[in-house]
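The values are calculated or read from the model by the stated rules, or taken from the named source; none is laboratory data. Keep in mind that this is a model prediction, so the values were computed, not measured. As a convention, Cβ positions derive from the backbone with ideal geometry for all residues, glycine included, and neighbour counts pool all protein chains shown. Calculation scope for accessible area: heavy atoms of the full protein, side chains included, ligands and nucleic acids excluded. Shrake-Rupley method; radii C 1.70, N 1.55, O 1.52, S 1.80 Å.
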Amino acid sequence: MFRRDLRPDSWFFSFLVGSLSRSLFAFAALAKNQTSKGFAPVTIETSRHMYEYVATALDWWHADRYCEHHFAQLLFEPQDSEQASFSKLLQSHHIRGSVWLNERDGVLHKLKWRRDHIVPVLVFGDKTDTKYVKVLSDFPALPAVTACAHLQWDTRTQEIATIFSYAVPAFINEFQLRGFVDEEGFVRFALIVHGHHSPYLPMFRADGQWHHFCVTWQQENGTWAIYADGKRRASASGLCAVGPSAPQAIYGQGTFIIGQDQDSLGGTFREKESFSGNITDLHIWQRVLSAEQIEKIRSCWVVEQDLVFGWSSNALEVESTVQEVTAQFLCPGPVEECRVFEVGSNGFSYASCLQSLPFICRYRKDAYWQLKKAQLESSHSLTSRVNTLAERTVIPENVFTSDVQDMNLSVALGALDVLATVLREGETPVLESSDLLTVLQLLKQVSDVEVQEGEELEMLEQLGQYYVEVTELILEEQNVETWSSVSQVIGGPMTVVELCDRMVSHLAPLLTAGRTKITVQHKSVGMEVRKLELSRQELSSEAYLVQSPEKGRHDLIEVPAEEMQRLKARGLRRVTMKNMWFGYGSLQRCLSSAGSSAVFQDTTASDGGQKYLSTTVGTAVISSALLSDYQEISTSVHYRLQHRVQDIPNKLVGPICAFWNFSLSSDAGGMWSTAGCSVVTSLLDSTACFCNHTTNFAVLLQVYEMQQRTTKEELTLQTLTFIGCGVSFCALIVTFILFLAVGVPKSERTTVHKNLIFALAAAEALLMFSELAKTNQVVCFMVTACLHLFFMAAFSWMLVEGLLLWSKVVAVNMSEDRRMKFYYVTGWGLPVVIVGVTLATSFNKYVADNHCWLNVQTNVIWAFVGPVLFILAVNTFVLCRVVMVTVSSARRRSKMLTPNSSLENQIGIQIWATAKPILVLLPVLGLTWVCGVLVHLSIIWAYVFIVLNSLQGLYIFLVYAIYNSEVRNAIQRMKDKKKALSFTNCSHPINYLSSPRNTTSWETGKLSPSAAESALSSPGQKDPPVKNITNKGNFGAKIPMGISSIMSPERPAVELTAFKSSVSKQGMLRLFSRRCHPEALQLSSPQWTHEQGRNGGIQE
């Protein structure tokens, strides 16, 4: 329709309408010619593929569509070694000439169509000084600029014409584009910036056709370029540079006039410089666009990033004599060159993708015969009912003979309406293979429908409703077997997801300023498209929340707010977001049975005793994509999906965040991949994921078979655990009491032992009675927290044991006080911090469902397992170091003491030197817990693990109490003390002590002469001199006190316990026995006394 009344004698209007009509009729004739002729394909069979040669010539786009709709692929380039043989094979079937080739690199992977574009066209008549159009837009300062438009040039005049002019008070000719037709019939353009003029250069022929142009300029170096019909025709630098000074940006707040040269700001036009012709689709950006973007604009796509002015009649002030027409404009097709295989010459060449050539479709051999089989076995019941109801052929009976049809919106809507009605009635509850294939073929055609501007958009939304409904109906549970049977033919079940992705893009024209979101959902299939304005001050995350048909369950995918801020920082003003959701049904079951687990075969090896069984799709499939200027933008996303597969008896299920990668396996239609995706949190019924890109997502569940135990085995294990923990608890308590009661000398080692024993005893006591707390939720929670704390404390003190050993092996420059403070912080402070942080962050997910222990279904269990693994790794390293030092010392000592010993003896010494520290240190270092990794391999390892760890306390009691020299010496001292007390009850102690012959000089450690003499058995025999009988150990030879003072009534005999043993134990006992029992003197010989005095010291 026309916006204004037009004069019938207007030459320009007639020219405009005539040229547009010719273009439209030519395109319609081409489409009709391409789709009405019947194809007569030639089939060629090889060992791996079936080839179908279609002699009817089509452009590359229609040829590719034909093969795709027939579940095949356009011929790919043969390998170098196969080119000659393949060419001969084609010639043997009388195929010669050029045929289209597919693009392996995916450059043409997305279809590009010529678009019918309805726009306001400005019709400038003859040259006058009155016709102009003013752009009603505020222009900012432009350090860079790009201006593009479509125009028709008036071929009747060769005078200079001004296409547009931009003026500011400082410069009238601030930014201007001028042109004229030269003598050779070329239109030449010149660009003016800041009054500086580029040369006139040829752009295109003055042939009366529509041409597209773009001019670019940037402040840096004054670089400029002019494009015509997608090609750069001229470029240079230095435009408007004045001497050494840098060019200035184009000033803002100026006046932009189309069709006239401004000799004053906004006026003073001259007829000879005015524009004569037609112009439309003028857009202006405040940056330099790339060649690819300019090509997109030529095809009527709009680049919205940094757009200053977009073509709209509402933003134009049109002078009354300028005619404004709203017309349907056929945009130029893409300037693409596609590869061509030259049959006969074995070579390759390029041709325009719009050229019509024959082509070859390639099928996988097994898929081809499966397709043939489905066609032969079909009853065509669905096809006949649909065609009968529609009273026309909506679905062809033979997928091999169907033509490529360019559907319009109304035809597509009618076809889906009839198909949805037939499927909804459910007369055929289970679809046949051929029925499913024909439905998919129709969905392919509908998803490729061209939405022309000006069509009723209400039809488009209804089309989306029918499309979603048909998709949901064919994905119902009863069709699982049918999907599996045609999976190889259609390239995998994710084909339907790809088709819906095309369809949801068609809903974008429905978005307006007042309606920024379109949502379509039918039961378990949904799609949504929304427009996001990035110019808002506050940007939040954009979430797509899907309510599942199951009550109370929903899935979610969102683009984080920081990603929206990042897009805004890139200069994007608005983006389009499209989402899809496919609830759990036939799609997931087919994906699970279609070999999807093969993707993970290299990453799902058995973990311990968990035997890997399979990978299944356990959730809905959800997708999200952001578009800007019809191109996808990659952003990170968060999504949370509810599990539909759970509670598998006797199986362990592990979630994996994954996405479907269509490019991994073209034959299979793609494969699951985990690249860039990770699990954030996993609950029993849902999993939250993060991925650093946008695509189609799901949660895969890896199923492992767990080693099953009988009831008898479980009872035996529980009994062993209870008995072992009980014995260990008692042993630990006894050990702890011994350390406190018998007076073991205080040291770092004994302090660490006592803390370890206390923590381990408390943990095992709680473990024995934890089952009794299951019935009370609060008590169970407290028991779990205490178990977590004391087991962490036990392992932390095991770590301290290892650090203490390391300090003995490697010199550590730290005082004892500082070391003990560090040990206490590690042993008790670290567990308190770990438990506190875990409770603060995972309070509601802390306790397991059936036991008073940490929840193993969430990441809470890592608050125990993680530190334990670290401690075991450190202690293993320490033990290895200790063993190395011990073995090395044993080897050196053996060579020094017994240099001539046999090899067997040396090996035995080294073996014992290796085994001894291992046996002694295993319980306190906690290394017996390493056996827990092997528990799932066999029930035997479960018994070993329980015996070793439940009896850990008993082991500590035996090694660190019964066979500990410090404890045994302390007990011996207690016995000595008791005997010393009994000596005070000896008969006549005063008379004996007053004898002057038995005094001993403790200053020198020798008997006095009178004492020596009294010790003789006969007066005539003389003992040899008694040597120093003091211990040559830790306490020296001098004790500043005499025996007479000790035994005086002022100092009772119990004071002996205050002394460290500076004489031998046996020597002291003999001294007391002689004093209490004089007859003992007759039993001692001088020689015995001499030897005993010389060798009497025992090192403690």
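Grab the other residues whose beta carbon is less than 15 angstrom from that of Tyr823, score K and R as +1, D and E as -1, and report the net. It would help to have the intermediate numbers written out before the result.
Details: positive: Lys746, Arg749, Lys754, Lys808, Arg818, Arg819, Lys821; negative: Glu748, Glu801, Glu816, Asp817.
The answer is +3.
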Using a 1.4 angstrom probe on heavy atoms only, work out the carbon and sulfur share of the accessible area of the stretch 492-566 in %.
49 percent
Using amide H atoms built in the peptide plane, which far-off residues or other-chain residues are under 5 Å from Phe186 H to H?
Ala206
Rank Ile172, Ile226 by accessible area, highest first, at a 1.4 Å probe radius?
Ile172, Ile226
Taking a probe of 1.4 Å and leaving out DNA, RNA and ligands, the stretch 678-782 shows per residue an accessible area in Å² of 50 Å²
23 Å Cα-Cα threshold exceeded, pairs from Lys134/Lys272; Lys444/Lys578; Lys444/Lys531:
Lys444/Lys531
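Could you tell me what percent of the accessible area of the stretch 223-314 is made up of carbon and sulfur, with a 1.4 Å probe and every protein chain present? Don't jump to the answer; show the numbers that get you there.
Values: 1620 of 3620 Å².
Result for the stretch 223-314: 45 percent of the exposed heavy-atom area is carbon or sulfur.
Given the peptides 558-569, 288-299, 575-586, 459-470, arrange them by the average over their residues of other C-beta atoms within 10 Å, most packed first. Intermediate results must be reported in sequence, preceding the final value.
Details: 558-569: 16.7, 288-299: 19.2, 575-586: 23.4, 459-470: 20.8.
In decreasing order of mean packing, 558-569, 288-299, 575-586, 459-470 become 575-586, 459-470, 288-299, 558-569.
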Going by accessible area, probe 1.4 Å, with all protein chains left in place, what is the ranking of Lys979, Lys746, Lys808, largest first?
Lys746, Lys808, Lys979
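Mind running the shape call on the stretch 168-255? Use the C-alpha gyration tensor, a ≥ b ≥ c as the square roots of the eigenvalues: rounded below 1.5 for a/c, prolate if a/b tops b/c, oblate otherwise.
Working: a/c = 2.22, a/b = 1.84, b/c = 1.20.
Prolate shape, in that a/c is at least 1.5 and a/b is the bigger ratio.
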Listed residues Leu382, Leu720 arranged by accessible area, highest first, probe 1.4 Å:
Leu720, Leu382
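Might you tell me the accessible area per residue for the stretch 146-278, computed with a 1.4 Å probe and given in Å²? The partial results should precede the final answer.
Working: 5150 Å² over 133 residues.
I get 39 Å² per residue for the stretch 146-278.
For a quick protection proxy, order the peptides 534-542, 884-892 by their average other-Cβ count within 10 Å, most packed first.
Values: 534-542: 12.0, 884-892: 14.4.
Descending packing order for the listed peptides: 884-892, 534-542.
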Report the accessible area of Asp138, computed with a 1.4 Å probe over the heavy atoms of all protein chains in place, in Å² rounded to the nearest 10.
120 Å²
Asn696: net charge of surrounding residues, Cβ under 14 Å, Lys/Arg +1, Asp/Glu -1, itself excluded?
-2
The answer for the net charge of residues other than Phe189 whose Cβ lies under 14 angstrom from its Cβ, with Lys and Arg +1 and Asp and Glu -1, is +4
Given the protein chains as shown and a 1.4 Å probe, how many square angstrom of Lys127 are accessible, to the nearest 10?
30 Å²
